[in-house]
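Every number here is computed from the coordinates shown, using simple stated rules; none is lab data. Values in this document were obtained by computation on a predicted structure and should not be read as measured data. No Cβ is skipped: glycine too gets one built from the backbone with ideal geometry, and neighbour counts run over all protein chains shown.
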Amino acid sequence: MERGQSRPLPSRRITTLAGGVGAAKFIRGLVRRIDPERLTVVVNTGDDDTFYGLHVSPDIDTISYTLAGVANRAQGWGLDGESFNALHALARFYGKPWFALGDRDLATHLYRTERMRHGISLSRITAEIADAFGVKSRIIPMSDDRVRTFVKLRGRRAIPFQEYFVRGRARGAVEKIELRGIGIARPNPAVLRAIGKSAAVILAPSNPFVSLGPILNLTGVRAALRRVKPRVAAISPIVAGKPIKGPAGKMLRGLGMEVSPLGVARLYRDIAGLFVLDNADRRYLESIERLGMRALATDTIMATPERAAALAEVVLRALAV
Ligand code: GDP
């Protein structure tokens, strides 16, 4: 082909749809396999909440701190080596805290809140924070509009996600997940562009309802994924009949679905061309393929960054990236 006539090179960008902890583990491995500058992470904001007047975006912060190499891995949230002096001082006025915010972490929330008060969008502020932390990847909040995840437990009124998850320690039978504001929220236009233009889109092994659910339910996101289905992979957060951590199992059960990789795969059958499950769940390979997606078994337990990197490698190869 002559110069000037050549077809555009296939995009080298990789997009990951992410919640918090499960996604962070995967992303830590992924950036060992690809140049972090190639990565776009679309992050859930349904868990965002206000504490002490500050706008906290737990999933965005988990992903930003992870990519900056300053996350507290043992804990799964916040910064490494944190102190909690401000939180203890706040207890004098507000009583015993139930949502922990470290001293240095508070600086992030102060900055975000102050910028929001000036009318700056969450996307721009997120980019500013990532930049300040030296993050090379692109982190995009799923929307600049407010979507709030509520959890309805049996016999109780619906409560905001953090009250269920952190204050209530995810106890109780889940009856319904409500995504308030989802009907009018617009996805960040960069989200749809990233999905359309990436060489691969990976649904991290995040909670399907409260982490990926808000992203996937924004108008236009599922349709955008359907158009590139062969390039979309999903990783199961359920291994050997239960989640590695968190309430995904209770939610699947409570909503009348099977607590297995098959139960999760059914949620993504229209959008994912590839479903990755754990070696322990090989027996589901065939039933998942019958849903109209490829299925692949590998070690999905990301106990170390090396194991997460190996998982990322398998997923990228299977998508021919
Ligand atoms: P959250 O927003 O902080 O709850 O985080 P995510 O939704 O991103 O991640 C929670 C999900 O990650 C849970 O359903 C876990 O089962 C899953 N998860 C955590 N660690 C692993 C792992 O090592 N392997 C797999 N396959 N899933 C994991």
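For every residue, the table says whether it meets (1) surrounded by fewer than 20 Cβ atoms within 10 Å (Cβ to Cβ); (2) of a type in the set (D, E, K, R); (3) not in a helix (DSSP H, G or I).
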site: 87; (1), (2), (3): no, no, no
site: 92; (1), (2), (3): yes, yes, no
site: 113; (1), (2), (3): yes, no, no
site: 131; (1), (2), (3): yes, yes, no
site: 139; (1), (2), (3): no, no, yes
site: 151; (1), (2), (3): no, no, yes
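Screening 190, 224, 185 for residues that are among the hydrophobic types (A, V, I, L, M, F, W, C), away from the ligand (no atom under 16 Å from the Cβ) and surrounded by fewer than 18 Cβ atoms within 10 Å (Cβ to Cβ) leaves exactly one candidate, 190.
Scanning region 227-258 for residues that are farther than 16 Å from residue 216 by Cα, more than 11 Å from the ligand (Cβ to nearest atom), aliphatic (A, V, I, L, M) and in contact with a helix residue (DSSP H, G or I) (Cβ under 8 Å, 6 or more places away or on another chain) yields a total of 1.
Look at region 203-214: where a residue is within 15 Å of residue 141 (Cα to Cα) and free of Cβ contacts under 8 Å to residues at least 24 places away in the same chain, no partner that is near the ligand (Cβ under 7 Å from one of its atoms) and of a type outside the set (D, E, K, R) sits 6+ places away or on another chain with Cβ atoms under 6 Å. For residue 77, the requirement of being over 23 Å from residue 198 (Cβ atoms) and within 20 Å of the chain's Cα centre (by Cα) is met.
Among the residues of region 47-85, those identified as within 12 Å of the ligand (Cβ to nearest atom) and either surrounded by fewer than 19 Cβ atoms within 10 Å (Cβ to Cβ) or farther than 14 Å from residue 21 by Cα (or both) are 48, 73, 75, 76. Are any residues in region 155-169 under 16 Å from residue 249 (Cα atoms) and surrounded by fewer than 15 Cβ atoms within 10 Å (Cβ to Cβ), and if so, which ones? Within region 155-169, just 169 meets the criteria.
Go through region 292-309 and count every residue that is within 12 Å of the ligand (Cβ to nearest atom) and outside any strand (DSSP E or B). Show your work before the answer.
Kept after step one, since they are within 12 Å of the ligand (Cβ to nearest atom), are these residues of region 292-309: 297-305, 307-308.
Subset that is outside any strand (DSSP E or B): 299-305, 307-308.
Residues that pass the stated criteria total 9.
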